[in-house]
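Heads up, the thing below is written out as structure tokens.
The values are calculated or read from the model by the stated rules, or taken from the named source; none is laboratory data. No experiment lies behind these values; they were computed from the predicted model shown. Every residue, glycine as well, gets a Cβ built from its backbone with ideal geometry; the counts of neighbours run over all protein chains shown. Quick note on the areas: whole protein, heavy atoms, side chains included, nothing else; ligands and nucleic acids left out. Shrake-Rupley method; radii C 1.70, N 1.55, O 1.52, S 1.80 Å.
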Amino acid sequence: MATPTEAAPRAGLRVRVQKFGTFLSGMIMPNIGAFIAWGLITALFIPDGFFPNEQLGSLVGPMITYLLPLLIGYTGGKMIHGVRGGVIGAIATMGVIVGADIPMFIGAMIMGPLSALVMKKLDGVWEGRVKPGFEMLIDNFSSGIVGAIMAIFGMLLINPLVIAFSNGAGAVVQFLVNNGLLPLTSIFIEPAKVLFLNNAINHGILTPLGTEQALEQGKSLLFLLEANPGPGFGILLAYSIFGKGLAKASAPGAALIQFVGGIHEIYFPYILMKPVMILAAIGGGMSGIFMLVLTGAGLRAPAAPGSIFAVFAMTSSDSYLGVTLAVVAATVVSFLIGSFLLKISKAPEGDGLGEAAAKMEAMKGKKSSVGFAFAGETGNGPVRNVVFACDAGMGSSAMGASVLRNMFKKEGLAEVKVTNSAIANLSDTYDIVVTHQDLAARAAPVTASAVHVSVDNFMNSPRYEEILELVKSRNAEPQDAVSVGAPAATEGAQAGEAPAATARHAAKPAASEQDAAAPARPEVLASESIILSGSAATRDTAIDEAGALLLARGAVNQEYVASMHTREATVSTYMGNFLAIPHGTNEAKGNIASSAVSIIRYPEGIDWNGKEVKFVVGIAGVNNEHLAILASIARVFTDKAQVARLEAATTREEILDIFGKVNAS
């Protein structure tokens, strides 16, 4: 599990360069979509494009001359001094744009932050000293004056310096190409990637230079020096065949994420735990670059992320063969070198992947977006407790818990307890915490030692397969004996209660699903609370319709229905598979008189925050009395055949029958 550690308070050269690289990439990365848009328009509509069109092709010049540099300058300024800094940065960037015959990306990366910094310092000088009523006057005129001065400064001083630098850098690149030395850049680029200096190289230098080259030549191989997925893919394939332990087990999934998803950092731990593998990355990188030089291939725009799909989407029309050869050569060479190194290695690398992943996160300075793939190695034993957390702990999380519990049962993982909880009641006693992506930040601080997984819906998230694989991997490994005396917490514990009597690794098997959730009292779901064809046409009116059924049952008051809207405004209750389960907030539980569930079908479907919903299930739960019906709903909506039966049902009794007569006491 990813447990935060205190880093030594020192900032060496590497750390400073990393921060600088992060800052540079921070100006480019938010605008990659604009680069891609420019690349697509260029590929399609210039005279040599797929669909030549003079009118549409006229977008190319203004976009690269004005739009892209201004976006970079604005973003850089905003990073320093908010929107005010962004505006100053854009104004100043115009100074380096005008009069230049090259795209002023580097000029924008200088003038945007520099101008914002000047403005920030000046704002600090008169902060608190401006008389009331004059704030707007001072703010507007100061930004206008500073912007004008910095634009002139950029035009007269920075513009010539940037042009000289760009010409010099272009000459160096051309020298390397002409003398066959460009592949040697992999000796620097590949180790830099693993050390998280790739942002400074790729987005700080290669992307601006590559864009200038692409404007002149229609393509640039510089875009693929760092983004080629081949070296990492080959290393992960080598681990998949010749690796050991968790490294071998996790490598195939990591290879898919790296090659298709374009998240290259997922292979960094495999190199960090066996540093000699960097030779495989260097060899693969050199081979790929050699193929690009040999064939004259290149991309029209940056490929970000470095997915094979993004690479081919940005490939110049005359470069598909060369780019393919570059990726294949990089993959084959890195695979062969990596396989050889793994075969002759005597060290059991499988035991060090988790530590390498932790080291990677420490080097990066923050939690890795793919660190979850290695979390099983950094934990303290098998997974025993998984908690689904949502705002109220009685609707979305209960559904998700039921879905994953069924998956565990099918895989014979009965020892793993799956509970649900309100975020406010979480404690650091769980192995895995699953939350909606909009709530992840709230759950992380109070469950710091757990593996955190965020999902976009609780019904059919693909992350469940990742959790399942992680649990199978960790629970399959031999473990030391653990105490068995502590009683297991009740699966259907009061929504949000941490299992007080459950040690993190108590070995007592979990109860069955029916035992785990307290049985529902009769009439939690009543026939009169089922509507076969709802009248609502929008999300909000559907919530009102579901709440009205709960009101009619006397299960809730009007305040609870209002809280259902509050809950929806915070995090969507869309679950997937045409299902939404609106319910109240955690604070509104006091407005529930008795447990009840309402079910409304919308045959034509309604829009639910961009998702189609055909079934709306309103929920009000006291203690655990609604959990059995939620478990039944989860089983039904994860079965496409059952969903089809629901859509075809003609009577309320059929709906009750499909949910397994859950009202039986």
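What to note about this one:
- Enumeration of residues in the stretch 528-544 that are in contact (Cβ under 8 Å) with a residue 24 or more places away in the chain and open to solvent by 30 Å² or more (accessible area, probe 1.4 Å): GLU528, ILE531, LEU532, SER533, ALA537, THR538, ARG539, ASP540
- Selection of the stretch 225-246 for residues being under 23 Å from the mean Cα position of the chain (by Cα) and either of a type in the set (A, V, I, L, M) or at positive phi (or both) yields ALA227, LEU236.
- Residues in the stretch 33-48 that are assigned to a helix (DSSP H, G or I) and of a type outside the set (A, V, I, L, M, F, W, C): GLY33, GLY39, THR42.
- Qualifying residue in the stretch 164-172 (condition: hydroxyl-bearing (Ser, Thr, Tyr) and modelled with pLDDT under 80): yes
Here's the yes/no breakdown for (1) closer than 13 Å to ILE36 by Cα; (2) part of a loop (DSSP other than H, G, I, E, B); (3) more than 28 Å from the chain's Cα centre (by Cα):
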{"residue": "GLY288", "(1), (2), (3)": "no, no, yes"}
{"residue": "LEU294", "(1), (2), (3)": "no, no, yes"}
{"residue": "ALA303", "(1), (2), (3)": "yes, yes, no"}
{"residue": "VAL311", "(1), (2), (3)": "yes, no, no"}
{"residue": "GLY322", "(1), (2), (3)": "no, no, yes"}
{"residue": "VAL328", "(1), (2), (3)": "no, no, no"}
{"residue": "THR331", "(1), (2), (3)": "no, no, no"}
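- Pick from the stretch 217-244, criterion touching a Ser or Thr at 6+ places or on another chain (Cβ under 8 Å) and of a type in the set (Gly, Ala, Ser), ranking: most open to solvent (accessible area, probe 1.4 Å): GLY218
- Here VAL433 fits the description: closer than 25 Å to ASN577 by Cβ and out of contact with any Asp or Glu (no Cβ under 9 Å at 6 or more places or on another chain).
- Residue pairs meeting the criteria (Cβ under 8 Å; at least 6 apart or on separate chains; first in a loop (DSSP other than H, G, I, E, B), in the stretch 171-183; second surrounded by 11 or more Cβ atoms within 10 Å (Cβ to Cβ) and of a type outside the set (A, V, I, L, M)): LEU181/PHE175
- Pairs, first within 17 Å of PRO113 (Cβ to Cβ) and of a type in the set (D, E, K, R) in the stretch 153-168, second open to solvent by 90 Å² or more (accessible area, probe 1.4 Å) and in a helix (DSSP H, G or I), C-beta under 9 Å, six or more apart: none
- Against the conditions (1) surrounded by fewer than 21 Cβ atoms within 10 Å (Cβ to Cβ); (2) part of a helix (DSSP H, G or I), GLY133 satisfies every one except (2).
- Residue within the stretch 105-127 that is at positive phi, assigned to a loop (DSSP other than H, G, I, E, B), open to solvent by 20 Å² or more (accessible area, probe 1.4 Å) and out of contact with any Phe, Trp or Tyr (no Cβ under 6 Å at 6 or more places or on another chain) present: no
- When ILE266, ILE257, ILE278, ILE271 are checked against the criterion of being over 16 Å from VAL323 (Cβ atoms) and either open to solvent by 40 Å² or more (accessible area, probe 1.4 Å) or not in a helix (DSSP H, G or I) (or both), a single residue qualifies: ILE257.
- Scanning the stretch 245-254 for residues that are hydrophobic (A, V, I, L, M, F, W, C) and crowded, with 24+ Cβ neighbours inside 10 Å gives ALA247, ALA251, ALA254.
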